[in-house]
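Visitor: Just passing along the structure, written as structure tokens.
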Amino acid sequence: MKIAVLDFPHVVKSSVAGPYDILNQTNRIIETFAPELDIENIEVETLPVEDINNEQKFDLIIIPAIQFDRIETVLKSQPALISWLQKQYAADTEIASICLGTFILAATGLLDNKYATTHWMGVNAFRNMFPKVNLVDDKIVTDFQRLYTCGGAYSFTTLMIYLIDKYFGHEVAVIVSKVFLIHLNDLKQSSFHILNLQKSHNNDSIQKVQHFIETNFHSKLNVEDLAKSANMTTRTFIRRFKKSTGSTPYGYLQKIKIEKSKKLLETRDIGIEQVSYEVGYSDFASFRKVFKKNVGLTPSEYKKLYGKTKTPGYLEIG
């Protein structure tokens with residue numbers, strides 16, 4: 001099986017070297033731990049874009065991640081790469097993109113009317129640039145008609161294990177994942193989100209309400225009172241708030257509560273019920289339900305991943 005990992009200016013180098021290392025060592029790992037499986041030989045190479053040509057034929061091409069502030073620069077400077085990818089796909093080559101590398105794959109038009117994901121930081125820009133793509137931004141990996149995408153630069157580990165599973169079988173994927181200490185089933189991207197509040201609009205009244213919600217999130221707030229503070233009718237306020245922020249006032253309040261609860265779980269060693277109370281939830285069951293819906297994890301699961309309490313997987317001496 002012939003695989004190319006692309007390399008180009010403004011790439012995230014770890015997403016070039018990482019996939020190469022995992023795939024390049026897969027045959028050796030299987031020969032060592034399960035020689036009876038006898039999988040197809042993998043020939044993987046790092047391919048600089050200046051070396052591409054139409055005579056090449058690969059079974060799989062991997063597009064690595066782009067540096068976040070260089071997306072437009074890369075897209076404008078790589079028309080030959082985009083055309084080459086289109087021709088490779090037409091010749092039955094499969095293509096996988098990592099993180100913001102999905103922008104390159106989308107620029108080929110191959111993702112139009114198909115499902116894809118990218119890093120949560122690039123979601124808004126991606127939707128604006130490629131409205132024909134069905135972006136599912138809560139997914140770590142997508143697989144649709146010989147095109148694969150993954151959400152973050154380091155989620156290439158999950159993508160590589162997924163591809164190994166698909167090409168060589170689950171038993172091979174399990175063995176490789178154990179050698180590299182990679183989880184077979186990773187989390188949703190929502191588990192990693194950092195709230196980015198929409199304040200780029202110029203509506204001063206709405207910005208004041210946003211600030212009020214952010215500082216009084218633990219109190220009982222209702223839409224009618226918020227509308228009065230903005231000197232608007234309730235209906236007008238809801239419409240303008242959503243247009244400015246992308247969320248309803250209630251949805252915005254929930255986001256603030258969840259973000260504050262995440263910070264408490266990350267920085268203070270307190271019980272989940274106490275966190276629920278401090279962010280304004282008197283009903284713990286409701287808090288747990290809303291938290292899991294927004295984050296993809298229960299509060300307890302989130303605390304285990306990101307809390308201050310040391311876990312058995314860490315050793316600190318001194």
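Visitor: Scan (1) touching a residue at least 60 places away in the same chain (Cβ under 8 Å); (2) in contact with an Asp or Glu (Cβ under 9 Å, 6 or more places away or on another chain); (3) hydrophobic (A, V, I, L, M, F, W, C) for the single condition LEU23 breaks and write down its number.
Guide: (2)
Visitor: Ok, one more. Which residues, counting only those in segment 19-31, are out of contact with any strand residue (DSSP E or B) (no Cβ under 6 Å at 6 or more places or on another chain) and surrounded by 21 or more Cβ atoms within 10 Å (Cβ to Cβ)?
Guide: ILE22, THR26, ILE30
Visitor: Go through ILE42, ILE63, ILE29 for me and flag whichever is of a type in the set (Val, Ile, Thr) and either under 26 Å from the mean Cα position of the chain (by Cα) or not assigned by TED's automatic domain parsing to the domain that holds THR158 (or both).
Guide: Sole residue among the options that is of a type in the set (Val, Ile, Thr) and either under 26 Å from the mean Cα position of the chain (by Cα) or not assigned by TED's automatic domain parsing to the domain that holds THR158 (or both): ILE63.
Visitor: Hey, any hits in segment 140-153 for a residue that's within 18 Å of PRO64 (Cα to Cα), of a type in the set (D, E, K, R) and either in contact with a Lys or Arg (Cβ under 8 Å, 6 or more places away or on another chain) or at pLDDT below 90 (or both)?
Guide: Yes, that holds for at least one residue.
Visitor: Let me ask something else about it. All but one of (1) at pLDDT 95 or above; (2) closer than 19 Å to ILE182 by Cα; (3) surrounded by fewer than 16 Cβ atoms within 10 Å (Cβ to Cβ) hold for ALA34; which doesn't?
Guide: (1)
Visitor: Among the residues of segment 237-268 satisfying the criterion of being in a loop (DSSP other than H, G, I, E, B) and among the small types (Gly, Ala, Ser), which is surrounded by the most Cβ atoms within 10 Å (Cβ to Cβ)?
Guide: Ranking the qualifying residues of segment 237-268, first place goes to SER247.
Visitor: Quick one: is PHE58 in the same structural domain as LEU181 (by TED's automatic domain parsing), crowded, with 17+ Cβ neighbours inside 10 Å, farther than 19 Å from SER155 by Cα and not β-branched (Val, Ile, Thr)?
Guide: Here the answer is yes, as PHE58 does meet what is asked.
Visitor: Is it the case that some residue within segment 269-290 is in contact (Cβ under 8 Å) with a residue 60 or more places away in the chain, part of a helix (DSSP H, G or I) and surrounded by fewer than 17 Cβ atoms within 10 Å (Cβ to Cβ)?
Guide: yes
Visitor: I've got another one for you. Out of (1) surrounded by fewer than 16 Cβ atoms within 10 Å (Cβ to Cβ); (2) within 15 Å of the chain's Cα centre (by Cα); (3) under 22 Å from GLN67 (Cβ atoms); (4) modelled with pLDDT of 85 or more, the odd one out for VAL136 is which?
Guide: (3)
Visitor: Could you tell me which residue of segment 111-129 is farthest from the chain's Cα centre (by Cα), considering only residues that are surrounded by 20 or more Cβ atoms within 10 Å (Cβ to Cβ) and farther than 20 Å from ALA90 by Cβ?
Guide: My answer is PHE126.
The values are calculated or read from the model by the stated rules, or taken from the named source; none is laboratory data. Here the structure is a predicted model, which means the values were calculated and not measured. All Cβ positions, glycine included, derive from the backbone under ideal geometry; neighbour counts span all protein chains shown.
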